[in-house]
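Notes to accompany the following structure.
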Amino acid sequence: MSRHLMTACCSKISSIVISWKIALNFKDLHRENRMSLTPEWSRLLTEVRENSKELNSTPLLVRSFTSPDKSPGFLQPSLSDGTIRIMQWNVLAQGLCQTSDAFILCPNEALNWEFRQHHLLEELLTYQASIYCLQEVDHFDYFNSNLSKLGFEGVFYPKPDSPCLYEPNNNGPDGCAIFWDSTQLQLVSHDSFVLRRSSGSKTNQVAILCRFKVASGQAQGREFVCVTTHLKAKKHHAELRSQQGVDLEQTLCERAGDLPLVLCGDFNADPDETVVQVMKQSKLNLLSAYTLLSPSQEEPLFTTWKVRGGKKGGQEESVHTIDYLFFSKDKFHCVHLLEMPSEEQLRPNFLPSFAYPSDHLSLAADLKLID
């Protein structure tokens, strides 16, 4: 057997083994969660999985929840005790993923909207959050029309000058979105705003702020604020991100007041960058949820792992932690967190792939309001 053929066979076997492990994980997860799904939720999730399978048999990468002390997590939080599940996710704009992003290890078929839309929705439905904070949304109507079947409402705010608009066959601008379960949470008010430089001039990045009131359970009547944002990309824009972070922090201090706060977003910044430290040292008293999974309170090793085509040929691998889920550490208790996958689970294509529809991993936390 030639070396090339042997390599191809090994790669194929590796893909089959990974798909088999993912499938087993999904079956265990679905079995654990079956009793907590409403008929409507179960029906939509089944429909989405079947639609995806018709196009490609690779199952979605599925993860489990864990608690900060590593004890097994429950798939469905109990709103009756004041626990709210919040998911943070950059879903990867369709207008960019097949053009300028150049994911050379990802089969082009896995990036087609016809296929990818089903895994995107399946990722949301699998973890049954009460609030979804999303970035790079350029198909808001798709998410809204499907989530509304389950009682969700949503708001969307596009970037002023979205790069999606300059791509052929685009679906409009990308931006941030927040969806919430209106059977559990009442929207008190919401505000959308463009982030500014220290000079006061507007940038091309935005944020959405929603104020919610818990509709039932132990925390009924209590209010909190949830915010999502997406800061400027590229390493050389660290100073601009810092200025955007200062503006965002000042705005939240003014508009959130003393209410419990959750801040989610793609900050495009590694943990040691200034903008992340601005949030961690803010008088808003924020804690980065995923540091609770580390004995030394470090962030995860990665929230994005992708391989792109290099400008001079070859490959450029990008492994970074740039997505965050912050919360008021004196007003919320973090009960569970969605585990991060291993390197083995992401191989051989990393992100995105047939097994995962975005170049960013979703984060999710069960946060309980402190009495």
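Think of each Lys and Arg Cβ as +1 and each Asp and Glu Cβ as -1; about the Cα centre, that makes the dipole of segment 82-194 roughly 280 debye. With one equal scatterer per alpha carbon and no solvent term, the Debye-computed log10 I(q)/I(0) for the chain at 0.07, 0.08, 0.10, 0.15 1/Å reads -0.29, -0.38, -0.60, -1.47. For the chain, a Gaussian network of Cα nodes joined below 10 Å ranks V319, V276, V227 by mean-square fluctuation, and the top entry is V319. Summing charges over neighbours of S242, with a neighbour being any other residue whose Cβ is under 12 Å away from its Cβ, gives -1 when K and R count +1 and D and E count -1. With θ taken as phi - 60° and the coefficients 6.51, -1.76 and 1.60, list the Karplus ³J(HN,Hα) couplings across segment 217-224 in order, rounded to whole Hz; mark glycine and proline as x. My calculation for segment 217-224 gives x, 4, 9, 3, x, 7, 10, 8 Hz in order. The modelled label-to-label distance between L55 and S296, using points 7 Å beyond Cα along the C-beta direction, is 4.2 nm. Measuring nothing but protein heavy atoms, the accessible surface of segment 152-290 at 1.4 Å probe radius is 44 percent carbon and sulfur.
When the chain is described by a simple charge dipole with +1 on each Lys and Arg Cβ and -1 on each Asp and Glu Cβ, the residue from A233, G82, N146 located farthest towards its positive end is A233.
How much FRET efficiency would the formula 1/(1 + (r/R0)^6) give for N112 and E47, where r is the Cβ-Cβ distance and R0 is 22 Å, rounded to 0.05? If you can, show how the numbers build up before the last one.
Values: r = 19 Å, r/R0 = 0.86.
It comes to 0.70.
When only the Cβ of Lys, Arg, Asp and Glu is charged (+1, +1, -1, -1), the dipole of segment 198-259 relative to its Cα centre reaches about 280 debye.
I'd like the per residue volume of the convex hull spanned by the Cα atoms of segment 243-304, given in cubic angstrom.
So the per-residue Cα hull volume is 92 Å³.
Are any of the pairs K329/K368; K283/K331; K235/K311; K234/K329; K283/K329 more than 18 Å apart by Cα-Cα distance, and if so, which? Cα-Cα > 18 Å for K234/K329; rest within. Largest mean-square fluctuation among S201, S162, S130, in a Gaussian network model of the chain whose springs join Cα atoms under 10 Å apart, belongs to S201.
Taking DSSP loops as anything outside H, G, I, E and B, show the longest stretch in the chain free of trypsin sites (Lys or Arg not before Pro) there with at most 13 other beta carbons within 10 Å. Mind showing how you got there, number by number?
On the way: sites that count: K70, K234, K283, K312.
In the chain, the maximal stretch lacking such sites is 71-233.
Close amide H partners of S353, meaning residues 5 or more places away or on another chain with modelled amide H under 5 Å apart, are S358.
Springs between Cα atoms under 10 Å define the GNM used for the chain, and in it the highest mean-square fluctuation of G265, G154, G217 occurs at G217.
Over all other residues within a Cβ to Cβ distance under 12 Å of N51, the charged ones net out to -2, with Lys and Arg as +1 and Asp and Glu as -1. Per-residue ellipticity at 222 nm from helix content only, as computed over the chain with -39500 (n - 2.57) for each DSSP H run of at least four residues, stands at -9000 deg cm²/dmol. Dividing the convex hull volume of the alpha-carbon atoms in segment 87-138 by its residue count gives 82 Å³ per residue.
Residues of the chain: accessible area per residue at 1.4 Å, in Å²?
Numbers: 16340 Å² over 371 residues.
Per-residue value: 44 Å².
With θ taken as phi - 60° and the Karplus curve 6.51 cos²θ - 1.76 cosθ + 1.60 applied, the whole-hertz 3J(HN,Hα) list for segment 117-125 is 4, 6, 5, 4, 5, 4, 4, 5, 5 Hz, x standing for glycine and proline.
Using only side-chain charges placed at the Cβ, +1 for Lys and Arg and -1 for Asp and Glu, the dipole size of the chain relative to its Cα centre rounds to 320 debye. Between Q315 and D258, residue separation times 0.36 nm minus the direct Cα-Cα distance comes to 15.8 nm.
The values are calculated or read from the model by the stated rules, or taken from the named source; none is laboratory data. For clarity, every value in this text was computed on a predicted model and none was experimentally measured. Every residue, glycine among them, receives a Cβ derived from its backbone with ideal geometry; neighbour counts consider all protein chains shown. Protein only, heavy atoms only, side chains kept; ligands, DNA and RNA dropped before computing areas. Shrake-Rupley method; radii C 1.70, N 1.55, O 1.52, S 1.80 Å.
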